[in-house]
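Here is the structure we will look at.
Quick note: the coordinates plus some simple rules give every number you see, no bench work behind them. The structure displayed is predicted, hence computed values, not measured ones. Glycine gets a Cβ as well: all are built from the backbone with ideal geometry, and neighbour counts include every protein chain shown.
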Amino acid sequence: MTGKMTAAVLYGKEDVKIERVPIPRVDEGEVLIKVQVALTCGTDLKVYRRGYHARMIMPPALFGHELAGVVENVGSGVKGFAKGMRVVALNSAPCGRCFYCSKRQENLCEDLLFNNGAYAEYIRIPRRIVQKNMLTIPDYVSYHDAAMVEPLACVLRGLYETGLEIGDTVAVIGGGPIGLMFVQVAHAIGCNVIAVVKHDSQALAARRKGANQVVQIRKVSQPIEAVRSLSPAGRGPDVVIEAVGRPEAWEWAVGMVRKGGTVNFFGGCATGTRVQLDTNQLHYSEITLKATFHHTPETVRRAFDLIAERKVKGADYITGEAPLSRLHHVLRDLSDRNGEIKTAIIPGH
C-alpha cells in the first residue's frame, strides 16, 4: 500500500503538528492497521508537556500508543492475522531472551521494543509486537473498549505487585484515568478505597468508580492527616498508590501509609526528580516502597479478559470524542483539567 496519510507528529514541548506523511510500508512479519480509535492518556499528556519520554519516544516522532483498529495489510510470514480482522496492538513487546525476561520481569526487558504512532490513519506494528502483544477483538467488544487494554494492563500489574488483599484500606493519589482505574479495580476486589484528588470533577468520578471516601487536596490543609483520619483507628492505609508522578505526592504517600504498609510509586516523575524521605520512619515503621512500570504480556491478557467480560468498559473513562485534526486542542484542554478523563481520537473524521 502506498500513498500518504494524516498523522500527528511530535516535535517538542507542546509542539504537535497534524501532517501528511507516507503510509508505513510493512516488512516481513509486520502488520499495517487502519486505526479506528486512539485514546488519550496521562503518559501522552506528559510527553506533550515535556516534549519527549526518556524510554518511549524522542522527537520528531509519530505520537500516541493506545489504539484499536482493522488489519489493512500483512507482511510475509504473518500467522494468525489477515486483512479485515479487528485487532488491538500494544505499544511494546519484550525480547523473551534477556535476563529480565527469564525472571518474568518482561517490563524491564533489556531490549523492550516500543511503538508509537496511534494518532494517525494507519500504524505499522513491528513483528515482535505482532507475535507477542497483538490480539483479535471479539465482535461484541467495541474498538473504544479494546483500546483500554494497555492502561488496564499497567494497573493490573501495579495491583498485583503491590500485594493487595481483600479488606485492605487503599489510598489512591490521583484522579486521572490511571488513578480512577486503580480505584475501580481495588474496589472490585474488595478493598476500602480512599481517593485523593484535586478537582470536583475528579471527586465525582472517583465516587462513581467505587471510592468509599474522597479527599480533595484543595479543600484540606493537611492531606496526609486527612487520609490517615479516614483509615481504621487512624493508623493509615495498608497500601498507598501514587498515580500522579509528582515529588510532593510521592512524599505524601510515605506519610500516609500505616506501619508495615506498602507504597507503590506508580506515577513516573520527570527525569532528574529527587524526593526527600524520613529514613527513621521507613526503618522503624517497616514501610515497603515499590515502583511498578509498564505491563507484561501476561497482564495484557488479563486486562483483555476483563474487557471482554465487560467488567471494565471504555464508556466508564472515555468522556469525549474528537477528530485527529483537533488533537492539539484536546491535549491542551486535558492539561487544563477541564473534567475530561480520556478522549477518543477518531483519525478518519
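Some points to look at:
- Relative to the longest principal axis of the Cα atoms of the chain, the long axis of helix 247-256 makes an angle of roughly 40 degrees.
- Full extension of the segment from residue 305 to residue 99, taken as 0.36 nm per residue of separation minus the current Cα-Cα distance, would add 71.3 nm.
- Contact order, relative form, for the chain: 17 percent (alpha carbon pairs under 8 Å, 6 or more residues apart, mean separation divided by residue count).
- Label separation (residue 61 vs residue 207): 4.1 nm, computed from points 7 Å beyond Cα along the C-beta direction.
- When the alpha carbon coordinates of the stretch 1-152 are projected onto the principal axes, the ranges are 39, 38, 31 Å, largest first.
- For the peptides 252-260, 138-146, the ranking by packing is 252-260, 138-146, with the highest mean count of neighbouring Cβ atoms within 10 Å listed first.
- Computed over the stretch 235-274, Cα set: Rg, Dmax in Å: 10.2, 33
- Lysines with Cα under 25 Å of residue 259, excluding same-chain neighbours fewer than 8 positions away: 290
- By the helix-only formula, in which each DSSP H run with n ≥ 4 contributes -39500 (n - 2.57) and the sum is divided by residues, the chain has a 222 nm mean residue ellipticity of -8000 deg cm²/dmol.
- Normalised contact order of the stretch 62-125, rounded percent, pairs of Cα under 8 Å and 6 or more residues apart: 36 percent
- Length released on extending from residue 2 to residue 131, taking residue separation times 0.36 nm less the Cα-Cα span: 44.0 nm
- Dimensionless Rg over Rh [the stretch 68-191; C-alpha; Kirkwood]: 1.02
- P(r) for the chain, from all Cα pairs and a bin width of 10 Å, is 6, 25, 34, 24, 10, 2, 0 %, short bins first.
- Annotation: the antiparallel percentage among DSSP beta bridges lying fully within the chain is about 55.
- Distance between the pseudo-spin-label points of residue 285 and residue 165 (7 Å out from Cα toward the beta carbon): 1.9 nm.
- Extension gain for residue 200 to residue 70 (0.36 nm times residue separation, less C-alpha to C-alpha distance): 43.0 nm.
- Of every Cα-Cα pair in the stretch 182-268, the percent that sits beyond 18 Å: 39 percent
- Candidate aspartates and glutamates - alpha carbon under 13 Å from residue 4, same-chain residues fewer than 8 apart omitted: 19, 121
- ³J(HN,Hα), Karplus 6.51/-1.76/1.60, whole Hz, each residue of the stretch 316-333, x for Gly, Pro: 5, 10, 7, 10, x, 9, 8, x, 4, 4, 9, 4, 4, 5, 4, 5, 5, 5
- Computed log₁₀ I(q)/I(0) - Debye formula, equal Cα scatterers, no solvent, the stretch 285-346, q 0.22, 0.27 Å⁻¹: -0.95, -1.02
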